[in-house]
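Okay, structure first, notes after.
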Amino acid sequence: MKIEVTANKEVEPGIHKGVISDVTYRVEPYEYTDVHIEMSPGVVVKAGYPTNINPVSNLGRLLIRFGAKLVVGQELDPNQILVGKKCVLQTTNEEKGGITYCKVLAPSVCPE
């Protein structure tokens, strides 16, 4: 498979608008739920939340902001609640290993 080399798409720090395009899950090194936010065509950022839903967890509070009602014992699908929703988010730039990247402040993601 061949993959096209593309230019880096820089995101300025600040407040942005976008649409939640996907929710994915990872287990290494910890269980996290990643919310993918498309800010413009080809520019997608991710906000990561520990995969734990309760009224005080970051993921639980995100779901509440987008209209979910949390009931103990109930199972929720974050994809059904979040995908397709317009949102506002805040980003910063961070450096790691000599590379500057865009970081979404996860608690800032809220409905537009």
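The values are calculated or read from the model by the stated rules, or taken from the named source; none is laboratory data. All figures in this text were calculated on a predicted structure; none of them were measured in a lab. Neighbour counts are summed over all protein chains in view; Cβ atoms, including those assigned to glycine, are modelled from backbone coordinates with ideal geometry.
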> From 59, 89, 70, which residue is in contact (Cβ under 8 Å) with a residue 12 or more places away in the chain and in a loop (DSSP other than H, G, I, E, B)?
Replying inline: 70
>> Please pick out the residue among 109, 104 that is among the β-branched types (Val, Ile, Thr), out of contact with any helix residue (DSSP H, G or I) (no Cβ under 7 Å at 6 or more places or on another chain) and closer than 16 Å to residue 19 by Cα.
In response: 104
> Consider residue 33 against the criteria (1) more than 23 Å from residue 112 (Cβ to Cβ); (2) of a type outside the set (Lys, Arg); (3) surrounded by 12 or more Cβ atoms within 10 Å (Cβ to Cβ): it satisfies all of them except one. Which criterion is unmet?
Replying inline: (1)
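Pick from the stretch 26-40 the residues that are β-branched (Val, Ile, Thr) and within 18 Å of residue 53 (Cβ to Cβ): which of them is nearest to the chain's Cα centre (by Cα)? Lay out the reasoning, then the answer.
Step one: filter the stretch 26-40 for residues β-branched (Val, Ile, Thr), giving 27, 33, 35, 37.
From the residues that got through so far, the ones that are within 18 Å of residue 53 (Cβ to Cβ) too are 27, 33, 35.
Values: 27: 16, 33: 8, 35: 3 Å.
For the stretch 26-40, the residue satisfying everything is 35.
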> Which of (1) exposed (fewer than 11 other Cβ atoms within 10 Å of the Cβ); (2) closer than 17 Å to residue 104 by Cα; (3) of a type in the set (S, T, N, Q) is the odd one out, the single condition residue 80 does not satisfy?
Replying inline: (2)
> Mind checking which residues of the stretch 79-95 are within 21 Å of residue 11 (Cα to Cα) and of a type in the set (Val, Ile, Thr)?
Replying inline: 88, 91, 92
> If you scan the stretch 51-74, which residues turn out to be farther than 24 Å from residue 29 by Cα and either exposed (fewer than 10 other Cβ atoms within 10 Å of the Cβ) or among the aliphatic types (A, V, I, L, M) (or both)?
Replying inline: 64, 68, 69, 70, 71, 72, 73, 74
>> I'd like to check something: does the stretch 99-109 contain any residue that is assigned to a strand (DSSP E or B) and in contact with a Lys or Arg (Cβ under 7 Å, 6 or more places away or on another chain)?
In response: yes
> Of (1) touching a strand residue (DSSP E or B) at 6+ places or on another chain (Cβ under 8 Å); (2) farther than 14 Å from residue 32 by Cα, residue 62 satisfies all except one. Which?
Replying inline: (2)
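Quick check on this structure: which one of 27, 43 is over 19 Å from residue 112 (Cβ atoms) and either among the hydrophobic types (A, V, I, L, M, F, W, C) or at pLDDT 95 or above (or both)? Spell out the reasoning first.
Details: 43 fails: over 19 Å from residue 112 (Cβ atoms).
Matching residue, one of 27, 43: 27.
Could you check the stretch 73-86 and list, in sequence order, the residues that are touching a residue at least 60 places away in the same chain (Cβ under 8 Å) and part of a loop (DSSP other than H, G, I, E, B)? Show your work before the answer.
Start the filter on the stretch 73-86 by keeping residues that are touching a residue at least 60 places away in the same chain (Cβ under 8 Å), which leaves 82-86.
Listed by number, the residues that qualify are 83, 84, 85.
Yes or no: residue 9 in contact (Cβ under 8 Å) with a residue 40 or more places away in the chain, among the basic types (Lys, Arg) and touching a strand residue (DSSP E or B) at 6+ places or on another chain (Cβ under 9 Å)?
In short, no.
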